[in-house]
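Data first, discussion second: the structure below is written as structure tokens.
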Amino acid sequence: MDLAYTICAVAGSVVLLTQLALTLFGGDGFGDHDGAGHIDFDSGHMDVSSGMPDDTETGEDYLEASSESFWAFEMLSFRALAALFAFFGLGGLAAREAGSGPYPTFLVAALAGVLAMVLVAWLMRLLLNLRSEGTVSMGSALGAQGVVYLTIPGEKQGPGKVTVTVQNRTMEYEAVTGGDPLPTGTQIEVVDIVGPNTVEVERVV
């Protein structure tokens, strides 16, 4: 088992340190978020779901689910798994050095690995929150007013596009409406959030 602990410690540490270096110097961390979703800090929205919420899900429910999905995803991310293996190996080697038997050593190693994985996932979530403080959240778009610049089909038959002012910034979103079609130039108000970058709007009377 000593060899297994050593391999885990060395391999996990190398990968974890490489990930940290890539993160600090602007790398993508081996595409840590490819495939399952992405965090887009420039466009002002978070997309951690490959699909749209169903008709019964409100905008607030969607945002809460997105946050929970990101947390679950980060727990299984490359960084978190690298930390798991690294500290599993380091914990095992430390326990063996202290003279522990095989089973106590394995328990110490497993506990160290799990704690490290949770800590790394928590730190990445904290980093996300810090980085997103200066961006516009989708929740802030509720009640915002703007203008249609790409015609929106009626009865939610498809999306158009709108620009709205949110937190003193002009944002562009895909938009649907449940009423009549809204032609370009129509003044609108956001009444719901129905997707990661999609809002429902109504004509401003």
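Each value in this text was obtained by applying a stated rule to the coordinates, not by laboratory testing. What you are looking at is a predicted structure, and each value in this text was computed from that prediction instead of being measured. All Cβ positions, glycine included, derive from the backbone under ideal geometry; neighbour counts span all protein chains shown.
Pull out the extension gain between Met1 and Thr170, defined as 0.36 nm times the separation in residues minus the alpha carbon to alpha carbon distance; nm, one decimal. Mind showing how you got there, number by number?
Values: separation 169, 0.36 × 169 = 60.84 nm, distance 5.87 nm.
Once the chain is fully extended between Met1 and Thr170, it gains 55.0 nm.
Once the Cβ-Cβ distance between Thr18 and Leu142 is put in as r, and R0 is 41 Å, what FRET efficiency do you end up with, to the nearest 0.05? Once rounded, the FRET efficiency stands at 0.50.
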